[in-house]
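A short reminder: the numbers here are calculations on the coordinates, not readings from a lab. In this text, all values refer to a predicted model and were calculated from it rather than measured experimentally. When we count neighbours, we look across all protein chains shown, and the Cβ atoms used for this are built from the backbone with ideal geometry, even at glycine.
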Amino acid sequence: MLITTVEQNLRNVIADKMRVQYGETWLDTRIDSALVQDWKNRRDEAVAHGERPLDLIQYSNFMELKDIIIRKQHWRAVFEPIFKKKEHFATSMERLHPIRLPLSHSRPIGIGQQYHLISEAALILRALGIDIFRGS
């Protein structure tokens, strides 16, 4: 659930911040057309299997989110104020990626991976204003 929280919050922040910075057509003007087409194909396949269609960003994969955020044209204007250090954000995403794969297929992960998941997810979520360690 923690990795899903990271992924969905990244999708949300990308869509929200890109829309604010570049307007409603940000997908057409700021994202590579081949990538947008991949997302459309993924959505078409999902819909063909009975899913309801979602916003295109929902069909992005984990590392595509990283690539959008750290892209030079987006980083300084949109995402640097949120994540501060591009290298730190990229490293967190790269550390989370191999952990995400078994979790997305409901396979267990080891204790070391659990610690990495908690640590890296907490860094990203804290940058987004979500503190997973805050008491109720």
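Taking each residue of segment 37-65 that is on the phi < 0 side of the Ramachandran plot and looking for partners that are part of a loop (DSSP other than H, G, I, E, B) and exposed (fewer than 14 other Cβ atoms within 10 Å of the Cβ) with beta-carbon atoms closer than 6 Å, six or more apart or interchain, yields Arg43/Pro53; Val47/Pro53. Beta carbons closer than 9 Å, at least 6 apart along the sequence or on distinct chains, pair a first residue in segment 10-29 that is free of Cβ contacts under 8 Å to residues at least 40 places away in the same chain and closer than 17 Å to Ile130 by Cα with a second that is among the aliphatic types (A, V, I, L, M) and in a helix (DSSP H, G or I) for Asn12/Ile57. Give me a count of the residues in segment 69-82 that are over 9 Å from the mean Cα position of the chain (by Cα) and either closer than 16 Å to Ile124 by Cβ or surrounded by 14 or more Cβ atoms within 10 Å (Cβ to Cβ) (or both). Final tally of qualifying residues: 9. Filtering segment 110-129 for residues that are under 14 Å from the mean Cα position of the chain (by Cα), assigned to a loop (DSSP other than H, G, I, E, B) and not hydroxyl-bearing (Ser, Thr, Tyr) leaves a non-empty set. On inspection, His88 does not qualify as within 19 Å of Asn12 (Cβ to Cβ) and within 16 Å of the chain's Cα centre (by Cα).
Once segment 37-68 is narrowed to residues that are loosely packed, with under 15 Cβ neighbours inside 10 Å and hydrophobic (A, V, I, L, M, F, W, C), the residue that is nearest to Phe89 (Cα to Cα) is Met63. Pairing residues of segment 111-123 that are farther than 13 Å from Arg100 by Cα with residues that are of a type in the set (Val, Ile, Thr), at Cβ distances under 7 Å and at least 6 apart in sequence or on separate chains, gives Ala122/Ile132.
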